[in-house]
Amino acid sequence: MKHTIREIFHSPKFLVGFSIFMFILLVVIFYPLFVTAEPLEIIGKGTFFEPGIYVNVYDGVNSKQYTLNLDDAAEKRIASKLGDQERLDMQEWLLSFGIPEEEIDIYDTEKLIELWENNYDRSIRFPGMTSARQKYFGRLNTSLAGLLSTEGIVLAAENQETGELESTGIIEQTNYLNVGQVANVRVLPLGTDNFGRDMLTELVSATGTSLKIGFIAGSIATMIGLTLGLLAGYIGGWVDDIIMFFTNLFTVIPSIVLLILISYSIGQEQRGAVTVAVVIGFTSWVWTTRAVRAQVISLRHRDHVNLSKLSGHSVGHIIVHDILPYIASYVVMAFILQISSGILAEAGLSILGLGPKTTDVPTLGLMMNWAMIYSAHIMGKWWAYFPVIVVIALVSFSMNLMNTGLDQVFNPALRE
Amino acid sequence: MPNKQEPLLKAVGLTKEFGFGRQKTLAVAGVDIELKEGEVITIVGESGSGKTTFAKMILGLIAPTGGEIYFQGQLRDISTYKKKLEYWKNIQAIFQDPYSAYNIFHKIDSVLMDCIRMRGGGNLPHKEKVKMMTEACSFVNLKFEELTNKYPFELSGGQMQRLMIARIFLLDPKILIADEITSMIDACSRATILDMLMELRDKIGMTVIFITHDVGLAYYVSDKVYIMEKGLFVESGTPDEVILHPKEPYTKRLISDVPKIYEEWDLSTV
Ligand SMILES: Nc1ncnc2c1ncn2[C@@H]1O[C@H](COP(=O)(O)OP(=O)(O)OP(=O)(O)O)[C@@H](O)[C@H]1O
Ligand SMILES: [Mg+2]
């Protein structure tokens, strides 16, 4: 036994899979200890905020200012406002306005802005231009204002007594603040989702729920599969016939069809994560049953079983002592596979909109579902779906890797 | 051996067919056998002739597809667990392959402990049990103290078969079926093991069914020899009749397959 365990941990495939899985598990366990926020709390007003560090502007203005004279500051400022896309857009507008193409050099920033400032008129709407496009040019215009100036921004506040605006300070272009000194900074490593929820917190919580679903579904499927497989294989006869009848029935009906039908008939409101897990478990025991039955059939005529019979052991004792230990490795492997396929099944169901109800807890499948409904993939909001896919892939990959590792350790031993 | 004695075990028309349809194999094709108390009989046959299948039917480990088995004059009834248990107190076996006959997850003591429990000694004080196990082990030249906490597969093939004999020592059955118990053992241990088994037989007066393809062994130990070919007993009788004066060509072939032994005992009978 000890020897086998040592051998398992010497299998590189198992180790890699195990490490990935443990890493995911540890993150799921420890992340909530550090970030205590509700995973489904809506913090962002708006959809799909990009990943990044969000610094509170109000606090920023009021925090200590430092002067740093950096050469490339102006250049960077312009570049960030005026990317290639913006330049092309400006060119487009100017061309439509009637400026000859030769006169527009989109890489000469100064000239381009000058040309723009001389000609741009917010009220003009060219034929075929949508109003959204018109507004976009309006915004572009605003952001360009003062791009070339070297003046600072004047801060003003209303005087309580006179009601007049009074200057309270100037923010120079060379002013800097230290992020560490700003009272409110929120890091959103994966941005926010369509509802304005912190993606990372949500993703960690979803991973936990999905693992739980996989575990419950896998346990149920393995328990049913093991019990039926043992009974069918060891007792045989009509017991075997009946069990195999149902197993075959479930084999010819794809379990995903059953899953969809059952989930649909349960109804959205009744479908908690656990319910979904149970449904998945009850529809995916088939191949465990088959595998266990086949193993047991090959074992039940072995001489060690015969010897156990001759030593006066009951059927129950023989199944527990002379059959189970011999198939334990297979059962463990089947269990691992069932967990990972349970997670995938939940994801599949949720993408179809038949997953757990959406108000309770996030799951990996639900997150995919939300991202899809809000067309994150079309709008290029990669952070709303890509990390989810990566987690699903990693979980599934690590489990399959562990399984392959186990297979390599166990199989030669069983064949010896 | 008194002849009028009622047979301890009797099989009539015993048949076993494996599989269905095309894949059907007739492993045992209707054999009769009678076994008197205290007798040693030998079943000799080449590989695949159905010896093990026959033995397992007699043991009640596989159900015959035809024929009857009588035990102590009555039709054998092993329909319930209790009846089986009762039957197996009387009839035991040692199997062909010691390497597959033990549960690899169980230690040696538990193998022997099972026997004590089966003989109704489950409630004996531990000391008593250890004494019994020690005695059984020393009968087959094994040291029980060295074996506790060991697994059967940590022993050699010969030691494992000796442990099997120790098991029989504790179980004290009426009938023992020894199915080619030395076929997986090196030649040296072979004689020791057979000696031990015969000594045990003399000690507890067992009836023994030897199964072998070793004609020499059959000649030495048995009161009666059955020659098995393709699921049938083609010839039977005393060793002198069957082995020294074989009638069937199959028997003659079996004998000529082991010329060395033939010569050996041919000389010894002079
Ligand atoms: N469980 C089974 N299912 C199908 N066929 C079987 C089974 N067990 C044995 N047989 C077949 O029955 C025949 C007799 O087998 P058996 O094991 O009784 O031979 P044997 O005389 O003991 O041979 P050996 O000397 O090799 O042990 C063989 O042809 C074998 O293939
Ligand atoms: Mg055999």
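The values are calculated or read from the model by the stated rules, or taken from the named source; none is laboratory data. All values reported here derive from a predicted model rather than from experimental measurement. When we count neighbours, we look across all protein chains shown, and the Cβ atoms used for this are built from the backbone with ideal geometry, even at glycine. SASA here: full protein model, heavy atoms, side chains in, ligands and nucleic acids out. Shrake-Rupley method; radii C 1.70, N 1.55, O 1.52, S 1.80 Å.
The number of residues in region A:359-372 being surrounded by fewer than 18 Cβ atoms within 10 Å (Cβ to Cβ) and modelled with pLDDT under 90 comes to 2.
If I filter region B:6-20 for residues that are open to solvent by less than 30 Å² (accessible area, probe 1.4 Å), within 14 Å of ligand 1 (Cβ to nearest atom) and under 28 Å from B:Ser256 (Cα atoms), do I get at least one hit? Within region B:6-20, none of the residues are open to solvent by less than 30 Å² (accessible area, probe 1.4 Å), within 14 Å of ligand 1 (Cβ to nearest atom) and under 28 Å from B:Ser256 (Cα atoms). For the condition of a type outside the set (Lys, Arg), crowded, with 19+ Cβ neighbours inside 10 Å and either facing chain B (nearest Cβ under 8 Å) or closer than 30 Å to B:Leu171 by Cβ (or both), A:Tyr330 does not qualify.
The set of residues from region B:177-197 being surrounded by fewer than 16 Cβ atoms within 10 Å (Cβ to Cβ) and more than 16 Å from ligand 2 (Cβ to nearest atom) comprises B:Asp186, B:Ala187, B:Cys188, B:Ala191, B:Asp195.
Checking each residue in region B:217-243 for being more than 16 Å from ligand 2 (Cβ to nearest atom) and open to solvent by less than 20 Å² (accessible area, probe 1.4 Å) picks out B:Ser222, B:Val225, B:Glu235, B:Gly237, B:Pro239, B:Val242, B:Ile243. Here are some residues: B:Gly48, B:Gly30, B:Gly38. Which one is surrounded by fewer than 22 Cβ atoms within 10 Å (Cβ to Cβ) and either near ligand 1 (Cβ under 10 Å from one of its atoms) or not assigned by TED's automatic domain parsing to the domain that holds B:Met228 (or both)? Exactly one residue qualifies, and that residue is B:Gly48. Does B:Leu147 satisfy the condition of being in contact with a helix residue (DSSP H, G or I) (Cβ under 8 Å, 6 or more places away or on another chain), surrounded by fewer than 22 Cβ atoms within 10 Å (Cβ to Cβ) and more than 10 Å from every other protein chain (Cβ to nearest Cβ)? No; evaluated as a whole, the condition is false for this residue. Where helices (runs of 4 or more DSSP H) fall wholly inside region B:27-120, the ranges with 1 or more residues that are within 16 Å of ligand 2 (Cβ to nearest atom) and either free of Cβ contacts under 8 Å to residues at least 24 places away in the same chain or within 11 Å of chain A (Cβ to nearest Cβ) (or both) are B:51-59, B:98-101. In region B:152-176, of all residues being within 13 Å of chain A (Cβ to nearest Cβ) and open to solvent by 50 Å² or more (accessible area, probe 1.4 Å), the one that is farthest from ligand 2 (Cβ to nearest atom) corresponds to B:Glu154. As for region A:398-407, it holds at least one residue that is open to solvent by 50 Å² or more (accessible area, probe 1.4 Å) and not charged (D, E, K, R).
Among the residues making up region A:297-315, those that are more than 7 Å from chain B (Cβ to nearest Cβ), open to solvent by less than 40 Å² (accessible area, probe 1.4 Å) and either over 45 Å from the mean Cα position of the chain (by Cα) or at pLDDT 95 or above (or both) are A:Val305, A:His313. Among helices (runs of 4 or more DSSP H) entirely within region A:280-378, having at least 1 residues that are in contact with an Asp or Glu (Cβ under 9 Å, 6 or more places away or on another chain) and among the aliphatic types (A, V, I, L, M) singles out A:286-300, A:303-310, A:324-351, A:364-373.
No other residue among B:Asp240, B:Asp214, B:Asp179 is charged (D, E, K, R), within 16 Å of ligand 1 (Cβ to nearest atom) and modelled with pLDDT under 90 apart from B:Asp214. Can you name the residue in region B:2-26 that is assigned to a loop (DSSP other than H, G, I, E, B) and in contact with a strand residue (DSSP E or B) (Cβ under 9 Å, 6 or more places away or on another chain) and, of all such residues, is modelled with the lowest pLDDT? Within region B:2-26, the match that is modelled with the lowest pLDDT is B:Gly19.
Here's the yes/no breakdown for (1) touching a residue at least 24 places away in the same chain (Cβ under 8 Å); (2) over 23 Å from B:Ala11 (Cβ atoms); (3) touching a strand residue (DSSP E or B) at 6+ places or on another chain (Cβ under 9 Å); (4) of a type in the set (A, V, I, L, M, F, W, C):
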{"residue": "B:Ile175", "(1), (2), (3), (4)": "yes, no, yes, yes"}
{"residue": "B:Ala178", "(1), (2), (3), (4)": "yes, no, yes, yes"}
{"residue": "B:Ile181", "(1), (2), (3), (4)": "yes, no, yes, yes"}
{"residue": "B:Ile209", "(1), (2), (3), (4)": "yes, no, yes, yes"}
{"residue": "B:Tyr219", "(1), (2), (3), (4)": "yes, yes, yes, no"}
{"residue": "B:Val225", "(1), (2), (3), (4)": "yes, no, yes, yes"}
{"residue": "B:Val234", "(1), (2), (3), (4)": "no, no, yes, yes"}
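Does B:Pro152 satisfy the condition of being free of Cβ contacts under 8 Å to residues at least 12 places away in the same chain and not assigned by TED's automatic domain parsing to the domain that holds B:Ile204?
No: the conditions fail for B:Pro152.
So is A:Val154 at pLDDT 85 or above and open to solvent by 80 Å² or more (accessible area, probe 1.4 Å) or not? It is true that A:Val154 is at pLDDT 85 or above and open to solvent by 80 Å² or more (accessible area, probe 1.4 Å).
Here A:Tyr176 clears all of (1) among the aromatic types (Phe, Trp, Tyr); (2) surrounded by 22 or more Cβ atoms within 10 Å (Cβ to Cβ); (3) not assigned by TED's automatic domain parsing to the domain that holds A:Leu394 except the condition numbered (2). The single residue among A:Gly348, A:Gly353 that is in the same structural domain as A:Ala393 (by TED's automatic domain parsing), at positive phi, of a type outside the set (Asp, Glu) and open to solvent by 10 Å² or more (accessible area, probe 1.4 Å) turns out to be A:Gly353.
Right, A:Gln85: in contact with a strand residue (DSSP E or B) (Cβ under 9 Å, 6 or more places away or on another chain), polar (S, T, N, Q) and open to solvent by 60 Å² or more (accessible area, probe 1.4 Å) or not? Answer is no for this residue.
Check region B:195-209 and report whether any residue there is within 16 Å of ligand 1 (Cβ to nearest atom) and either modelled with pLDDT of 90 or more or of a type in the set (Val, Ile, Thr) (or both). Checked region B:195-209: at least one residue is within 16 Å of ligand 1 (Cβ to nearest atom) and either modelled with pLDDT of 90 or more or of a type in the set (Val, Ile, Thr) (or both). Scanning region B:59-76 for residues that are more than 16 Å from ligand 1 (Cβ to nearest atom) and surrounded by 12 or more Cβ atoms within 10 Å (Cβ to Cβ) yields B:Glu68, B:Ile69, B:Tyr70, B:Phe71, B:Gln72, B:Arg76. When you scan region B:95-112, do you find a residue that is out of contact with any helix residue (DSSP H, G or I) (no Cβ under 8 Å at 6 or more places or on another chain) and either in the same structural domain as B:Asp257 (by TED's automatic domain parsing) or under 24 Å from B:Asp202 (Cα atoms) (or both), even just one? Scanning region B:95-112 turns up no residue that is out of contact with any helix residue (DSSP H, G or I) (no Cβ under 8 Å at 6 or more places or on another chain) and either in the same structural domain as B:Asp257 (by TED's automatic domain parsing) or under 24 Å from B:Asp202 (Cα atoms) (or both).
On the basis of being among the aliphatic types (A, V, I, L, M) and open to solvent by less than 40 Å² (accessible area, probe 1.4 Å), does A:Val182 make the cut? The answer is yes for A:Val182.
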